[in-house]
Amino acid sequence: MTGSQTIVVDYKALPKIELHAHLSGSISRQCLHEIWVMKKAAGETSLQDRPFFPLFSSYIYNLINDAATLRYATLSVLRDFAADGVVYLELRTAPRAMPGAGLTGRLRPDHSGHHRRIDRRHTPTQASQVLLLAKHFLGRGVVGIDLGGNPAVPLHPAVGLIFEEARRVPGMGMMLHFAEAECSASDAELDMLLGWRPERIGHVIHVSDRVKRNIVRRPGIGLELCLSCNVHAGMIHGGFESHHFAEWWKVEETVVVLSTDDVGVFGSPLSNEYALVARHFGLNHAEICALVRKGVDVIFGGEEEKRRLRSILCMQ
Ligand SMILES: [Zn+2]
């Protein structure tokens with residue numbers, strides 16, 4: 001590449017929306033270190049300072065184990081996204097019991113929402129408890145419900161009933177981790193998931209041509225695509241240029257939303273995800289702007305929020 005012809009775009013300054021970010025996976029190493037220092041000084045942890053990568057999620061689980069720490073980490077995550085130019089954020093997390101004050105909508109900044117996640121490991125009883133919580137906090141921070149967790153865990157057939165019930169709750173958004181791994185991507189499972197009528201599906205990696213046609217038959221469906229996560233975690237074969245973003249971003253019936261999934265783990269902020277698609281798939285600035293603006297259609301924040309975003313996102 002010749003330097004004289006390179007146009008440098010500041011993707012941090014570009015106002016963006018993030019719809020697929022996990023709270024615990026979005027916590028920066030720096031923030032985890034700060035929490036460790038505080039807990040160590042208070043004699044509240046026997047954990048080591050820096051975890052090895054494979055132990056990362058259990059480390060976070062053990063370190064972020066009370067309401068005050070959760071609040072500290074959440075605020076840090078919100079600041080990080082804001083500093084990266086994210087003007088609307090939906091964070092997702094699985095509820096868990098913790099000592100300290102109950103979780104409330106107070107953690108919510110003006111323009112973000114949370115999802116309650118149903119984990120694939122959950123029994124129908126646990127899943128219905130998650131839905132109850134989500135209903136309780138709907139409109140007070142919670143905007144929707146998600147299906148996530150280890151894709152190798154088979155779905156309990158009765159969990160479908162919970163999502164069908166969720167679908168009948170007015171104002172409750174629904175997004176699902178979808179065809180994340182081959183083991184969770186049989187046509188039967190994906191047909192069932194689409195049958196719950198989610199507004200958005202995440203990852204969308206291992207899909208047959210038949211399922212692709214079924215996705216396109218749901219015009220307006222959101223596809224949350226996480227390039228760095230998929231490449232760095234080896235979820236797709238090949239590098240960025242073989243990512244299925246190439247296949248979907250021009251499909252008129254779908255709304256592709258670039259997402260980070262776990263920026264604390266993969267180290268690629270949303271601004272970098274836009275830089276990546278510009279570099280590997282040749283999107284020009286107008287196409288980048290159009291991509292961000294189209295994503296607004298599938299947020300769960302309501303019509304007023306959509307109007308606010310359309311007034312501040314780039315217009316080119
Ligand atoms: Zn995810």
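The values are calculated or read from the model by the stated rules, or taken from the named source; none is laboratory data. Everything quoted here is computed from the prediction, not taken from an experiment. Here the Cβ positions follow ideal geometry from the backbone for every residue, glycine too, while neighbour counts run over all protein chains shown. These accessible areas exclude ligands, DNA and RNA; they are computed on the full protein's heavy atoms, side chains included. Shrake-Rupley method; radii C 1.70, N 1.55, O 1.52, S 1.80 Å.
Cross-link reach is defined here as a Cα-Cα straight distance under 27 Å, omitting same-chain residues fewer than 8 places apart; for Lys135 the lysines meeting it are Lys306.
Averaged per residue, what accessible surface does the stretch 87-312 expose to a 1.4 Å probe, in Å²? Walk me through the numbers before you get to the answer.
Details: 9590 Å² over 226 residues.
So the stretch 87-312 comes to 42 Å² accessible per residue, rounded to a whole number.
The Cys residues in the chain with no partner Cys Cβ within less than 4.7 Å of their Cβ are Cys31, Cys183.
Considering only protein heavy atoms and a probe of 1.4 Å, how much of the accessible area of the stretch 87-312 is carbon and sulfur, as a whole percent?
Values: 5030 of 9590 Å².
Answer for the stretch 87-312: carbon and sulfur cover 52 percent of the accessible area.
Average 1/r across all pairs of distinct alpha carbons in the chain, invert it, and you get the Kirkwood radius: 20.2 Å.
Within the set of other residues whose C-beta is less than 13 Å from the C-beta of Ala94, count the net charge using Lys and Arg as +1 and Asp and Glu as -1.
Details: positive: Arg92, Arg96, Arg116, Arg117, Arg120, Arg121; negative: Asp119, Asp146.
Net of charged neighbours comes to +4.
For the chain, the membrane-span-like helices by this rule, meaning whole DSSP H stretches whose C-alpha atoms cover at least 15 Å of axis and whose Kyte-Doolittle mean is -0.5 or above, are 29-41, 67-83, 124-137, 270-281, 285-295; this says nothing about an actual membrane.
Under the simplified labelling scheme, the Lys306-Ala181 pair shows an inter-label distance of 3.6 nm, with each label point 7 Å from Cα along Cα→Cβ.
Heavy-atom accessible area for Lys16, with the other protein chains in place and a 1.4 Å probe, reaches approximately 0 Å².
The length gained by stretching the chain between Ser208 and Leu161 to full extension, at 0.36 nm per residue less their Cα-Cα distance, is 14.4 nm.
Only aspartates and glutamates eight or more places from Lys12 in sequence, or on another chain, were considered; those with a Cα closer than 15 Å are Asp80, Asp84, Glu273. A straight line joining the Cα centroids of the stretch 235-267 and the stretch 131-179 runs 23 Å.
With a sphere of radius 10 Å drawn around the Cβ of Pro219, what net charge do the other residues whose Cβ falls strictly inside it have (Lys, Arg +1; Asp, Glu -1)? After counting each charged neighbour, the total is 0. Straight-distance candidates among the aspartates and glutamates for linking to Lys250, with alpha-carbon spacing under 13 Å and chain neighbours fewer than 8 residues away dropped: Glu287.
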